[in-house]
Amino acid sequence: MNRLSGKTVLITGATSGIGKACAEQFAELGCNLILTGRREERLRSLSGDLSEQYGIQVVMAAFDIRDHEACKEFVDSIEVPVDVLVNNAGLALGVDPVQSGSIEDWNTMIDTNVKGLLTMTRLISPGMIKQNSGHIINLGSTAGHEAYPGGVTYCATKHAVKAITESTKKDLHGTKVRVSMVSPGLVETEFSNIRFKGDDDRADSVYKGIDPLTAEDIAEIIVFVANRPAHVDIIDTIVMPVNQSSAQMVYRDE
Ligand code: NDP
Ligand code: 8X3
């Protein structure tokens with residue numbers, strides 16, 4: 001059953017990976033979209049393709065989610081109620097241990113994954129409370145459930161997303177606004193290319209021989225979570241490829 005047709009879905013980080021796959025799948029169900037990310041040309045191309053293919057309304061806005069003023073200006077410009085907010089924009093940088101990690105990389109991850117997500121929730125949630133409906137879906141990670149070596153700050157940001165999801169659920173207690181999190185393991189997107197700063201061979205090696213999750217796999221779950229009846233709130237889903245059993249237990253087929 002499609003309960004989402006005609007709803008407005010705002011997706012952060014829609015230029016690539018999970019966010020882009022979400023845009024495509026929500027569009028297929030007849031949702032109108034608000035798409036964000038920094039890479040304007042990608043947003044323009046995706047918006048044009050989806051509005052043409054599905055006859056939906058697509059609004060796009062290119063800005064850096066770390067910039068609070070830009071976020072505010074963008075949200076102030078939205079003219080329709082947002083039904084679903086997918087807080088997806090995020091990244092990991094590096095795998096250095098705590099004793100030699102880059103403070104600059106740490107700040108980028110914290111400012112994007114934690115403060116950016118908080119900013120968007122702060123700005124969008126009052127409208128949802130006012131309309132007494134809506135759904136906030138945060139991209140967590142298995143790294144928000146289990147910390148691993150070389151992930152000190154990325155894991156901290158995703159543990160923060162778990163805490164933010166739990167607090168948001170409780171802050172909105174008594175309203176009809178739903179709050180959820182989806183927590184994937186290894187998904188092959190541009191995530192590792194960004195993490196390894198353009199070392200694509202190293203990025204490819206992360207997924208070698210494991211039949212990793214795809215962005216489409218995770219988008220299907222996000223759409224499933226959003227498409228439950230209005231009284232059903234899925235709080236978290238932990239999803240791994242079958243070849244992964246923990247951050248470091250990854251079985252590679254020959
Ligand atoms: P991608 O690198 O493919 O996509 C990341 C998206 O985030 C891009 O659209 C990017 O857009 C956006 N983004 C990053 N930084 C900013 C910023 N400062 N301002 C605005 N947008 C930004 O990675 P994924 O699709 O894999 O990642 C999406 C989410 O899923 C992240 O939160 C990630 O932590 C999470 N996740 C990923 C997993 C994986 O294994 N891939 C597993 C678990 C969770 P642009 O560069 O155009 O700004
Ligand atoms: C991304 C999954 O294991 O690369 O959140 O940290 S992992």
(request) Would you point out the residue of region 197-212, among those that are crowded, with 16+ Cβ neighbours inside 10 Å and out of contact with any Phe, Trp or Tyr (no Cβ under 9 Å at 6 or more places or on another chain), that is nearest to Met1 (Cα to Cα)? (result) Pro212
(message) Within region 184-198, take every residue that is of a type in the set (S, T, N, Q) and more than 9 Å from ligand 2 (Cβ to nearest atom) and give me the one that is farthest from Thr15 (Cα to Cα).
(response) Asn193
(message) Cβ-Cβ distance below 6 Å, separation of 6 or more or different chains: which pairs start in region 78-95 with a residue that is more than 15 Å from Leu35 (Cα to Cα) and end on one that is part of a loop (DSSP other than H, G, I, E, B)?
(response) Val95/Gly150
(request) Looking for whichever is over 21 Å from Asn113 (Cα atoms) and either hydroxyl-bearing (Ser, Thr, Tyr) or at pLDDT below 95 (or both) here; the options are Glu254, Glu220. Which one fits? (result) Glu254
(message) Out of the residues in region 123-145 meeting the condition of being surrounded by fewer than 17 Cβ atoms within 10 Å (Cβ to Cβ) and not in a helix (DSSP H, G or I), tell me which one is farthest from ligand 1 (Cβ to nearest atom).
(response) Asn132
(message) Between a residue in region 96-110 that is under 11 Å from Thr157 (Cβ atoms) and any residue that is surrounded by fewer than 17 Cβ atoms within 10 Å (Cβ to Cβ), which pairs come within a Cβ distance under 8 Å, given they are 6 or more apart or on different chains?
(response) Thr108/Leu91; Met109/Leu91
(request) Can you work out which of the residues in region 69-92 that are buried (at least 16 other Cβ atoms within 10 Å of the Cβ) and in a helix (DSSP H, G or I) is nearest to ligand 2 (Cβ to nearest atom)? (result) Cys71
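Yes/no matrix, rows are residues, columns are (1) over 26 Å from Ile110 (Cβ atoms); (2) in a strand (DSSP E or B); (3) within 15 Å of the chain's Cα centre (by Cα); (4) within 14 Å of ligand 1 (Cβ to nearest atom):
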| residue | (1), (2), (3), (4) |
| --- | --- |
| Lys158 | no, no, yes, yes |
| Ser167 | no, no, no, no |
| Thr175 | yes, no, no, no |
| Val182 | no, yes, yes, yes |
| Asp233 | yes, no, no, no |
| Val242 | yes, no, no, no |
| Glu254 | yes, no, no, no |
(request) Provide a single number: the residues in region 41-68 that are surrounded by 14 or more Cβ atoms within 10 Å (Cβ to Cβ), of a type outside the set (Lys, Arg) and assigned to a helix (DSSP H, G or I). (result) 8
(request) Among what's in region 197-227 and is under 30 Å from His173 (Cβ atoms) and without any contact (Cβ under 8 Å) to a residue 40 or more places away in the chain, pick the residue that is farthest from ligand 1 (Cβ to nearest atom). (result) Phe224
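The values are calculated or read from the model by the stated rules, or taken from the named source; none is laboratory data. The shown structure was predicted, so the numbers you read here are calculated from the model rather than taken from an experiment. Note that we place each Cβ from the backbone using ideal geometry, even for glycine, and neighbour counts take in every protein chain shown.
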